[in-house]
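The values are calculated or read from the model by the stated rules, or taken from the named source; none is laboratory data. Predicted model, so just to flag it, every value in this text is computed and none were measured. For neighbour counting, all protein chains shown are included, and Cβ atoms are generated from backbone atoms with ideal geometry for every residue, glycine included. Ligands, DNA and RNA are excluded from the accessible area calculation, which covers all protein heavy atoms including side chains. Shrake-Rupley method; radii C 1.70, N 1.55, O 1.52, S 1.80 Å.
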Amino acid sequence: FGLFINHALTFPEPIINIRLFKNRNYFLCCLILSFFIMGNLGSVSLEPLLLEKFLNYPPLKTGLVMAPLGVASTFSMLITGRLIKKIDPRWFMSLGLFLTAIAISKISHYNLLTDPYHFRVAAIIQGLGLGFFFVPTTTLV
């Protein structure tokens, strides 16, 4: 890691310009995004495994149960993109974090008796949260 930092600071045109992290907004957005993605990656990657391996859903049904996450995310990204110039982006980020926290709370109560309706509700809430969070975080810098 030390060699990478030394290389990035001493070469005239490094692959990753470490000096970008001097910008406070850029640094905070990268840090917040990293933690947000780590928190969401577990649920998004493990939920299809739960559905297929333990609940014996076929791949098509698993996709249909998970699809509302993508649809809701697209919907909230469109809304955020249109309103981000009129409303402070921090409100969207806060709403996204709040909705994602609610979704993760719902996901934490899954068991082998959970029906598809509860999976879809949590996916919709999580998708809305993802959209409301990602757009302002990536456009603030």
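The slack between Y117 and T10, meaning 0.36 nm per residue of separation minus the straight C-alpha distance, is 33.0 nm.
Counting only protein heavy atoms and a 1.4 Å probe, the chain has 66 square angstrom of accessible area per residue. Taking a straight Cα-Cα cut-off under 28 Å and skipping sequence neighbours fewer than 8 places away in the same chain, the lysines within cross-link reach of K61 are K53, K106. Spin-label model, L97/L83: points 7 Å from Cα along the beta carbon direction are separated by 1.8 nm.
Suppose R0 equals 25 Å. What FRET efficiency, 1/(1 + (r/R0)^6) with r the Cβ-Cβ distance, do L64 and L41 give to the nearest 0.05? Write down the numbers at each step before the final one.
On the way: r = 22 Å, r/R0 = 0.87.
It comes to 0.70.
Peptides 1-9, 31-39 ranked from most to least packed by the mean count of surrounding Cβ atoms within 10 Å: 31-39, 1-9. Relative contact order of the chain: 31 percent, from C-alpha pairs under 8 Å at least 6 residues apart in sequence. A Cβ-based charge dipole, computed about the Cα centre of the chain with Lys and Arg at +1 and Asp and Glu at -1, lands at about 400 debye.
Of the three principal axes defined by the Cα atoms of the chain, the extents in descending order read 57, 41, 23 Å.
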